[in-house]
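Remarks on the structure that follows.
The values are calculated or read from the model by the stated rules, or taken from the named source; none is laboratory data. No experiment lies behind these values; they were computed from the predicted model shown. Note: areas computed on protein heavy atoms with side chains; ligands, DNA, RNA excluded. Shrake-Rupley method; radii C 1.70, N 1.55, O 1.52, S 1.80 Å.
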Amino acid sequence: MNLGAPERILVLAPHTDDGEFGAGASIARWTTQGREVYYVAFSACQTSVPDGWPEDVLISEVKRATGELGIPLARLRVLEFEVRMFARDRQDLLQSMVELNEELTPDLVLMPTVGDLHQDHHTVATEALRAFKQTSILSYEMPWNNIAFSTQCFVHLFEEDVEAKIRALACYESQASRHYSDPDYVRAQIRFRGTQIGVKQAEAFEVVRWVVR
Ligand SMILES: [Zn+2]
């Protein structure tokens, strides 16, 4: 099916790694298909890097991780918002998104769900609704931050996409203690969502808006 299939996709990641967690395998699918995928991380969380790691470790990790998903370095941006302070900086965040929209004119934007419990994720989602008012938007799933999530859209994945997501998450060596980056967990979530549409592997998304041009 090719109903308004997007060609230029913008992934909004509040922090480095959110895009990989929420949509990593779908991103790998889309870059394999030759679609243009841009990845914007709004913070590299310099103030909350674990002890013993350089302050900018997440910048080098996100470069490697998005590379594993097939995103060229020229399509990666890492902005300098302060972690956990996005609500305070809401207007600047909105302005940066308005500029991204003018520059990149994406036909699909990926973001966290508005109901995401993390304050920065929630702020990115609500500001993105304003900045990308005329664009298709899908929200990605982060079950550890979601109370409710509506599975209105599924991306059917192949094994190579799932392996790319697992490789991408493994690039975040400074964050390795998180149980949800475990490959068993990543595979379980993908298998679970695949089962809902009768395939082995899928990622699920909420449809915020779908524009067919
Ligand atoms: Zn995050």
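Straight Cα distances below 16 angstrom link K200 to the aspartates and glutamates E159, E160, D161, E163, D184, with same-chain residues fewer than 8 positions distant left out.
Under the definition of Cα pairs under 8 Å and six or more residues apart, what whole-number percent is the relative contact order of the chain?
Relative contact order comes out at 26 percent.
For region 29-36, the Karplus equation 6.51 cos²θ - 1.76 cosθ + 1.60, evaluated at θ = phi - 60°, returns couplings of 4, 5, 5, 4, 7, x, 7, 7 Hz by residue, with Gly and Pro reported as x. Solvent-accessible area assigned to carbon and sulfur over region 62-213 amounts to 50 percent, based on a 1.4 Å probe. For the options R130, R178, R167, a Gaussian network treatment of the chain with springs between C-alpha atoms closer than 10 Å singles out R178 as fluctuating the most.
Over the chain, DSSP H runs of length four or greater, each weighted -39,500 (n - 2.57), average out per residue to a 222 nm ellipticity of -12000 deg cm²/dmol.
Decide, for the chain, between rounded, prolate and oblate: order the square roots of the alpha carbon gyration tensor eigenvalues as a ≥ b ≥ c, take rounded if a/c falls under 1.5, and otherwise choose prolate if a/b is larger than b/c, else oblate.
Taking the square roots of the gyration eigenvalues as a ≥ b ≥ c, the chain is rounded.
Remark on C153: its backbone amide H falls under 5 Å from those of F205, V207, a criterion applied only to residues 5 or more positions apart or on other chains, H modelled at 1.01 Å from N. Residues in the chain average 46 Å² of solvent-accessible surface per residue, probe 1.4 Å, ligands and nucleic acids excluded.
Taking a straight line from the alpha carbon of K63, these lysines sit under 27 Å away, with near neighbours fewer than eight places off in the same chain left out: K165.
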